[in-house]
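Notes for the one structure printed next.
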Amino acid sequence: MEKKSHRYPVADSPFWLHVETKVQRIGSVILFAVVIAGLLGLFSQGWLSARSAHSIDGKLTVQYDHYARLQSDIDMQLTAHASNERRTVFILGGNFMQDFEIRTLQPQPEKMTSQNGELVLEYARPDPDQTFTVWLGLTPQTPGSSELRLSLNGTTQLAVKQFIWP
């Protein structure tokens, strides 16, 4: 028969038991906070992330997610409010061309061009007295802060910032 070198019960140090208990409590609180933040939209779509911005003259509105994850789909809505113009031209500038890939674009523009690092979407408006909305499905391509400059018909300006988590 083998002689056992273990003694039972093992002597525990009250100091290290106290440290272990504190670490477990702190870890549980941090884990709970991260899960709640994720559910609320701190890392992607949700209440903390959903934003709406309006131009100073009220002619342009953009709805977007302030926080997004790299390579995860996000949605953006561009709305041109009623005006007397028959054509609507959205210009997406800033870091848009470098930071995002367009997955979907509805409705399709009559003309789409790229000029000086900006994307130009041109639409004919059948009824200028109605609001006109364009839906973009985007995929972020670079992590970090991104600034998007929007223009409507070359006059109305709007800037929005987004943060892309790696």
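The values are calculated or read from the model by the stated rules, or taken from the named source; none is laboratory data. Quick caveat: nothing in here was measured; it's all calculated off a predicted structure. All Cβ positions, even for glycine, are placed from backbone atoms using ideal geometry, and neighbour counts span all protein chains on display.
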Discussion item. I'm trying to understand the selection: among the residues of the stretch 104-131, which are part of a strand (DSSP E or B) and of a type outside the set (A, V, I, L, M, F, W, C)?
Written reply: T104, Q106, K111, T113, S114, Q115, E118, E122, Y123
Worksheet item: When residues of the stretch 76-117 are filtered for being surrounded by 15 or more Cβ atoms within 10 Å (Cβ to Cβ), under 24 Å from G41 (Cα atoms) and touching a residue at least 40 places away in the same chain (Cβ under 8 Å), how many remain?
Response: 7
Response to the item:
Over the stretch 142-166, the set of residues exposed (fewer than 14 other Cβ atoms within 10 Å of the Cβ), out of contact with any Pro (no Cβ under 9 Å at 6 or more places or on another chain) and within 17 Å of I74 (Cα to Cα) is T142, S145, E147
Practice prompt. Please go through the stretch 34-75 and pick out each residue that is surrounded by fewer than 18 Cβ atoms within 10 Å (Cβ to Cβ), more than 18 Å from R103 (Cβ to Cβ) and charged (D, E, K, R).
Written response: R51, D57
Fill in: Top-ranked residue in the stretch 46-67 [being among the small types (G, A, S) and at pLDDT 90 or above; ranked as nearest to K111 (Cα to Cα)]
S55
Item to complete: Determine which member of the set V89, V134, V160 is within 13 Å of the chain's Cα centre (by Cα), part of a strand (DSSP E or B) and hydrophobic (A, V, I, L, M, F, W, C).
Response: V160
